[in-house]
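Here's the structure we're looking at; comments come further down.
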Amino acid sequence: MIRVRDLEVNFDFPVLKGVSLDIEDEEFLVILGKSGSGKTVFIKTVVGLIRPNRGEVSIDDISVTNGEPKELLKARKNIGFVFQGAALFDSLTVFENIALPLREHFSLTKKEIKDKVKKSLELVELEGVEKLYPAQLSGGMKKRVAIARAIAYEPKYIFFDEPTTGLDPETALKITKLLKDLWKKIKGTFIAVTHDFGFTEEVATRIAWLKGGRFEFVGKVNEFKKLDVKEIQAYFVKTF
Ligand SMILES: Nc1ncnc2c1ncn2[C@@H]1O[C@H](COP(=O)(O)OP(=O)(O)OP(=O)(O)O)[C@@H](O)[C@H]1O
Ligand SMILES: [Mg+2]
């Protein structure tokens, strides 16, 4: 379980104004909010990539925010992160991209690494691409490789920053289905940030709506739909 308490992040202005949330094991939480509302900042702070000005995050009772590098490293082994836009290393092959976190943070043999890379590529339904470079992949394939990299070491919590953004509608639907199947198959805890309500309706077991630096709503999809707020109606407008 991830516990977030009173999280405040300020840059030149306040982005998160004291947010609290419990993320339960094995849920598929979708965080909605308009562009610039602080969704990426929120998940990056939860995984320890951004230091908050105030507040606490703990992941299975390991504190992410107390500043102890050892603790943070321990928590990180349980976290996968798929960045907005994939963030693959262009100079590394698909195999090397996926193997990198396995080599850096786990003591595994060459064979174990090879097997884990193979297994994670199978899980994202992308096989035989180990030797290709990111420049040789389509946008949808890059997303799949980024997902494979995040699941290769079998973390308990996986964060997805805008998993369907920037893809054509058909590819976006395929990624949506892939994440839904993957979540069922590996029984992980998935946390995704998006504007894509089609994706949200398909996968979310719970929604958290970020607005004005706070969670304005946390609950089920059907309860969210019932809220009589103009901004929410905008989420239902199909973008394709
Ligand atoms: N490292 C940073 N330094 C300064 N300001 C930042 C930094 N990261 C984010 N911000 C600002 O914080 C605000 C929230 O940014 P964030 O990237 O979390 O938005 P978002 O909800 O993810 O938007 P989008 O949907 O467009 O990805 C923005 O105004 C952004 O400019
Ligand atoms: Mg973002």
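Some notes on this structure:
- Mean-square fluctuations from a GNM of the chain, with a 10 angstrom spring cutoff on Cα atoms, peak among THR109, THR189, THR165 at THR109.
- Look at where the Cα atoms of the range 1-79 and of the range 159-213 average out, and the two centres are 18 Å apart.
- Computed extension length for GLN136-GLU96: 12.9 nm, one decimal, from 0.36 nm per residue of separation with the Cα-Cα distance subtracted.
- GNM on the chain, alpha-carbon springs under 10 angstrom: the most fluctuating residue among GLU130, GLU170, GLU201 is GLU170.
- The DSSP beta bridges internal to the chain are antiparallel in roughly 50% of cases.
- Contact order normalised by residue count of the chain, Cα under 8 Å, 6+ apart, percent: 26
- In the chain, the convex hull through the Cα atoms has an average projected area of 13.0 nm², a quarter of its surface area.
- Top of GLY166, GLY48, GLY33 by mean-square fluctuation, Gaussian network on the chain, Cα under 10 Å: GLY166
- By the rule of a C-alpha distance below 18 Å, with chain neighbours fewer than 8 residues away ignored, the aspartates and glutamates paired with LYS142 are ASP90, GLU96, GLU122, GLU125, GLU127, GLU130, ASP161, GLU162, ASP168, GLU170.
- Expected 222 nm ellipticity per residue - DSSP helices of 4 or more, -39500 (n - 2.57), all of the chain, to 500: -11500 deg cm²/dmol
Coordinate-derived values only; no laboratory data. All figures in this text were calculated on a predicted structure; none of them were measured in a lab.
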